[in-house]
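So the structure is just underneath, and the comments pick up after that.
Laboratory data are not the source of any read-out in this text; all were calculated from the coordinates shown. As the structure is a computational prediction, the values presented were derived from the model and not from experiment. When we count neighbours, we look across all protein chains shown, and the Cβ atoms used for this are built from the backbone with ideal geometry, even at glycine.
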Amino acid sequence: MKIFLIRHGESTSDVEGRYGGHYDDHLTGKGRSQSEKVAKKLADEHIEVIFSSPFHRAKETSEILAKEWKCPVKISEGMKERDRYAHLTGMKKSAAAKKHSEHVARLKDYQDAVDGGEDYGPFKERVIGTFEHLSSLHHNRIAIVCHGGPIGCIIREILGMGESKYIGKCAFFEIEKNGKFRLVSMENAELKK
């Protein structure tokens, strides 16, 4: 089985410098173009179904991919981004740094969250459980379109490859499942040495 793990394209919160998480923004024109490029690049992979996070930026990316690949999109609640920002969600990062500097400082550690945000433990359980479930379905090739948080968690916790240094917009990871999971290739991403 092959799994293509894909990050959504550029969204409005990226351009506006806002905290994402559960902020439900849309793709920009550049984000749509990035999605179209990935759709064409992976067109010969014969992906059977796309499982998408429920947020607009992921769904819009998935719809662009599905149009090229002629396959269905199914929503997967378990692959949504982590809600670690709580009251900072959607806030401009520059404003948050001035008004809530003590909360912003906590975000330097990926395991930490702002008070009221989603702790790493439950998030990790949600992502691992969802990924294992989706990879156990009777498909040969699937795509999962989600966010940097779940992708980083899968790289760290399932693939055991440590931390990601960079996961670009529309980055993708080709993962093979043959008893266990193995990273075959990645594009527009880099792992820490």
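Among the lysines, select those whose C-alpha is under 21 Å from the C-alpha of LYS40, and discard any that sit fewer than 8 residues away in the same chain.
Result set, ordered by chain and number: LYS2, LYS30, LYS59, LYS67, LYS70, LYS74, LYS169.
Using modelled backbone amide H atoms (1.01 Å from N, in-plane), which distant-in-sequence or interchain residues come within less than 5 Å of CYS170's amide H?
Amide H neighbours of CYS170: ARG7, HIS8, GLY9.
Pull up all non-local amide H partners of LYS74: gap of 5 or more, or a different chain, and H-to-H distance under 5 Å with H placed in the peptide plane.
Those lying under 5 Å, H to H, from LYS74 are ILE50, PHE51, SER52.
Under a Cβ-Cβ cut-off of 15 Å, what is the net charge of the residues other than HIS138 that fall near it, where Lys and Arg count +1 and Asp and Glu count -1?
+2
Quick one: net charge of ALA95's neighbours, Cβ under 13 Å, K/R +1, D/E -1?
Here the charged neighbours net out to +4.
Normalised by the number of residues in segment 2-191, what is the relative contact order in percent for Cα pairs under 8 Å and 6+ residues apart?
Computed over segment 2-191, the figure is 30 percent.
Against the longest alpha carbon principal axis of the chain, how many degrees, from 0 to 90 and to the nearest 10, is the axis of helix 56-69 turned?
Orientation of helix 56-69: about 20 degrees from the principal axis.
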